[in-house]
């Protein structure tokens with residue numbers, strides 16, 4: 001059985017508390033008001049504790065906002081689950097390891113109506129802690145899958161009709177891409193970008209039309225801009 005882990009921050013904790021797919025083991029709060037369980041969900045009674053205990057539960061430097069929830073991991077999706085979609089956009093992250101960046105990307109993907117997030121299994125942060133807080137509840141709403149080999153996972157998606165678009169400064173303007181019913185948006189880590197084999201598995205390379213004195217964005221901001229450009233063209 002998987003070990004429970006801490007989710008902290010009001011948005012992350014409230015979203016997990018209200019998610020029927022999430023098994024909640026305990027909830028520690030600075031103020032017990034406003035934590036009534038949604039109808040039909042079995043939830044433990046929130047325990048009001050001093051803030052210094054919340055600090056210890058959340059970990060050094062964590063901004064818990066007065067709430068720490070202990071929960072089991074959600075069921076993990078699989079790339080084949082995404083391949084079976086009739087339409088949609090899946091975000092694929094190639095060795096993006098910063099939990100705050102991944103959480104912010106997850107939040108943007110959820111906001112723009114993406115269908116899921118695919119991560120490389122060995123180079124992905126856990127869906128807890130800083131990532132879940134940065135995602136602001138999106139962890140509870142967007143399916144997340146991992147793959148041992150992203151290149152093979154992309155080939156599986158392409159075989160199922162997905163158009164794989166790699167965000168790369170050497171590509172053409174992302175706005176010029178034709179609409180597609182099924183799109184995989186691939187982003188790499190800041191600095192090295194998308195690895196060669198993953199890049200070669202993409203159908204198109206595309207760049208954002210930046211023109212200012214600072215022409216590049218960090219990966220989470222770039223993901224949000226690319227999702228804004230692509231989501232109206234999907235399905």
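Rule-based calculations on the coordinates, nothing more; no lab input. Worth saying up front: this structure is predicted, and the values here are computed from it rather than measured. Every residue, glycine among them, receives a Cβ derived from its backbone with ideal geometry; neighbour counts consider all protein chains shown.
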**OP:** Would you mind ranking 183, 163 so that the residue whose beta carbon has the fewest other beta carbons within 10 Å leads the list?
**Re:** 163, 183
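From Cα pairs below 8 angstrom and at least 6 apart in sequence, can you work out the relative contact order of segment 6-140, rounded to a whole percent? Can you show the working numbers first?
Details: 234 pairs, mean separation 43.5, N = 135.
Value for segment 6-140: 32 percent.
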Original post:
Using the Cα gyration tensor of segment 36-81, with a ≥ b ≥ c the square roots of its eigenvalues, what is the shape: rounded (a/c below 1.5), prolate (a/b larger than b/c) or oblate (neither)?
Top reply: oblate
Original post:
In which sequence would 91, 144 go, from the one with the fewest C-beta neighbours within 10 Å to the one with the most?
Top reply: 144, 91
Original post:
In the Gaussian network model of the chain, springs joining C-alpha atoms below 10 Å, which of 116, 61, 212 carries the largest mean-square fluctuation?
Top reply: 212
Subject >> Neighbour-count ranking [beta-carbon atoms within 10 angstrom, fewest first] of 173, 72 >> reply: 173, 72
**OP:** Kindly rank 24-36, 99-111 from highest to lowest mean number of other beta carbons found within 10 Å of each residue.
**Re:** 99-111, 24-36
Subject >> Radius ratio Rg over Rh of segment 67-120, counting only Cα atoms, Kirkwood formula for Rh >> reply: 1.00
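Can you give me the Kirkwood hydrodynamic radius for segment 100-235, using every pair of distinct Cα atoms, in Å to one decimal?
On the way: mean 1/r = 0.0659 Å⁻¹.
Hydrodynamic radius (Kirkwood, Cα pairs) of segment 100-235 is 15.2 Å.
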Original post:
To the nearest 10 degrees, how steeply does helix 219-230 sit against the main Cα axis of the chain, on a 0 to 90 scale?
Top reply: 60
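Counting each DSSP H run of 4 or more residues in the chain as -39500 (n - 2.57), what helix-only mean residue ellipticity at 222 nm follows after dividing by all residues, to the nearest 500 deg cm²/dmol?
Details: 8 runs with 69 residues, N = 235.
Computed ellipticity for the chain at 222 nm equals -8000 deg cm²/dmol.
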Subject >> Protection-proxy order for peptides 50-56, 124-130, 92-98, 166-172, each taking the mean of Cβ atoms within 10 Å per residue, highest first >> reply: 92-98, 124-130, 166-172, 50-56
Subject >> Between segment 184-213 and segment 42-95, the alpha-carbon center distance in angstrom >> reply: 28
**OP:** Sorted from largest down, give the three principal axis spans of the alpha carbons of segment 144-210, whole angstrom values.
**Re:** 33, 30, 22
Original post:
If you take all C-alpha pairs in segment 5-71, what percent of them are over 16 Å apart?
Top reply: 36
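What percent does the relative contact order of segment 108-235 come to when contacts are Cα pairs within less than 8 Å and at least six residues apart? Display every interim value, and only then the final one.
Details: 172 pairs, mean separation 35.6, N = 128.
After rounding, I find 28 percent.
Could you grab the relative contact order for the chain? Cα pairs under 8 Å, six or more apart, rounded to a whole percent. List each step's numbers first, then the result.
Values: 493 pairs, mean separation 50.0, N = 235.
After rounding, I find 21 percent.
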**OP:** Could you work out how far helix 150-159 tilts from the main Cα principal axis of the chain, as a 0 to 90 degree angle to the nearest 10?
**Re:** 70
